[in-house]
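J.: My questions will all concern the structure given below.
Each reported figure results from applying straightforward, stated rules to the coordinates on display, with no laboratory input. Computed from a prediction, not measured in an experiment: that's the story for all the values here. As a convention, Cβ positions derive from the backbone with ideal geometry for all residues, glycine included, and neighbour counts pool all protein chains shown.
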Amino acid sequence: MFIQPKSIDGLKDALKILKENNIPISVIGRGSNLLIPDEGIRGAVIQFGKGLDHLEVDGDQIKVGGGYPLVRLAAIISRDELSGFEFAGGIPGSVGGAVYMNAGAHGSDISKVLVKAHILFEDGTTEWLSNEEMKFNYRKSVLQDERKGFCIEAIFQLEKGHKEDILAELKKHKDYRRETQPWDYPCAGSIFRNPLPNHAGKLVEDLGLKGFQIGGAKISEMHGNYC
Ligand SMILES: Cc1cc2nc3c(=O)[nH]c(=O)nc-3n(C[C@H](O)[C@H](O)[C@H](O)COP(=O)(O)OP(=O)(O)OC[C@H]3O[C@@H](n4cnc5c(N)ncnc54)[C@H](O)[C@@H]3O)c2cc1C
């Protein structure tokens, strides 16, 4: 079953029916960090996308739905001369997926800008979790284990910047990504967290595994940590 809720209430209704019928639930955003097995996913897959992609700008704070595309958000807030989200310019996920993963790049991540996240738990209850309560760490949040739930919206604190500087920063990140990361194929993003101070891509490359393929899944020829 593939479900694309049109609203938060629609999402809650779907969740209730699925729980009542004991149907396993998986949530996805834009699928930019997923490798789906050939046999597919059993049960219901709920995609956070259109319908969960509202955006409100209030001064230098923004409230945005979990289904909003991160790349579009980074571009659109530059219009309002808001700075702080430049790091997300080339990350092809959704806001909800980024909150769940504490997505980041270029020395910043979601934890640096998030004020609070609105979480829907599987039992149908919702709660706003503060930045501290989200227990962010390197590509980690509390949603991954301790408090499994779905990010339906988030509030971010940004600061006033200059449009030209923000656009230049976004372009710099975009150009860097185009040179170093695979954009021409469907891509599941990075496979491993970096075992700092090492880099997973370098370790995979040193093992001679760039281009290694099993079935339809292949380690990128361009970057050892991309699949
Ligand atoms: C070319 C490329 C470059 C990338 N570069 C970066 C990078 O620089 N930095 C970085 O951090 N990541 C990067 N990624 C990985 C990916 O874009 C991010 O991890 C992104 O945050 C995933 O969001 P998504 O919506 O696509 O999530 P999905 O891939 O759909 O799902 C990933 C996980 O998040 C969960 N999830 C999704 N939405 C929600 C939600 N609303 N609530 C709760 N859980 C949810 C899913 O259940 C799943 O476990 C890159 C990927 C690609 C393909």
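J.: Suppose R0 equals 30 Å. What FRET efficiency, 1/(1 + (r/R0)^6) with r the Cβ-Cβ distance, do HIS54 and GLU179 give to the nearest 0.05? If you can, show how the numbers build up before the last one.
T.: Values: r = 34 Å, r/R0 = 1.14.
Taking R0 as 30 Å, the efficiency between HIS54 and GLU179 is 0.30.
J.: Taking H as built 1.01 Å from N, whose amide H comes closer than 5 Å to the amide H of ILE28, not counting residues under 5 places away?
T.: Amide H neighbours of ILE28: ILE46, GLN47, PHE48.
J.: Round to the nearest 0.05 the FRET efficiency obtained for TYR138 and LEU203 when R0 = 25 Å and r is the Cβ-Cβ distance.
T.: It comes out at approximately 0.90.
J.: A further question follows. If you take every residue apart from ALA154 with its C-beta less than 9 Å away from the C-beta of ALA154, what net charge results, scoring Lys and Arg +1 and Asp and Glu -1?
T.: Local net charge: +1.
J.: Hey, another quick one. Only counting other Cβ atoms within 10 Å, I'd like GLU179, GLU81 sorted with the fewest neighbours first.
T.: Values: GLU179 9, GLU81 16.
Exposure proxy ranking, most exposed first: GLU179, GLU81.
J.: If you don't mind, another one. Towards the positive end of the charge dipole of the chain, with charges on Cβ (+1 Lys, Arg; -1 Asp, Glu), say which of SER141, SER26, HIS162 has the farthest Cα.
T.: SER26
J.: With each run of n ≥ 4 DSSP H residues scored as -39500 (n - 2.57), what mean residue ellipticity at 222 nm is computed for the chain after dividing by its residue count and rounding to the nearest 500 deg cm²/dmol? Mind dumping the intermediate values first?
T.: Values: 5 runs with 55 residues, N = 227.
Rounded to the nearest 500, the figure is -7500 deg cm²/dmol.
J.: Can you list the HN-Hα couplings for the range 86-93, worked out from phi with the Karplus curve (6.51, -1.76, 1.60; θ = phi - 60°), rounded to whole Hz and with x for Gly and Pro?
T.: Residue by residue, the range 86-93 yields 4, 4, 8, x, x, 8, x, x Hz.
J.: Using a cut-off of 11 Å between beta-carbons, work out the net charge of the residues near VAL95 (Lys and Arg +1, Asp and Glu -1, VAL95 not included).
T.: +1
J.: Scan around PHE212 for amide H atoms under 5 Å from its own, H built in the peptide plane at 1.01 Å from N, and keep only partners 5 or more places away or cross-chain.
T.: Residues meeting the criterion, in which the H sits 1.01 Å from N, are ILE219.
J.: Additional query: Under a Cβ-Cβ cut-off of 15 Å, what is the net charge of the residues other than TYR185 that fall near it, where Lys and Arg count +1 and Asp and Glu count -1? Don't skip to the end; give the middle numbers.
T.: On the way: positive: ARG177, ARG178, LYS210, LYS218; negative: ASP184, GLU221.
Neighbour charge sum, excluding TYR185 itself: +2.
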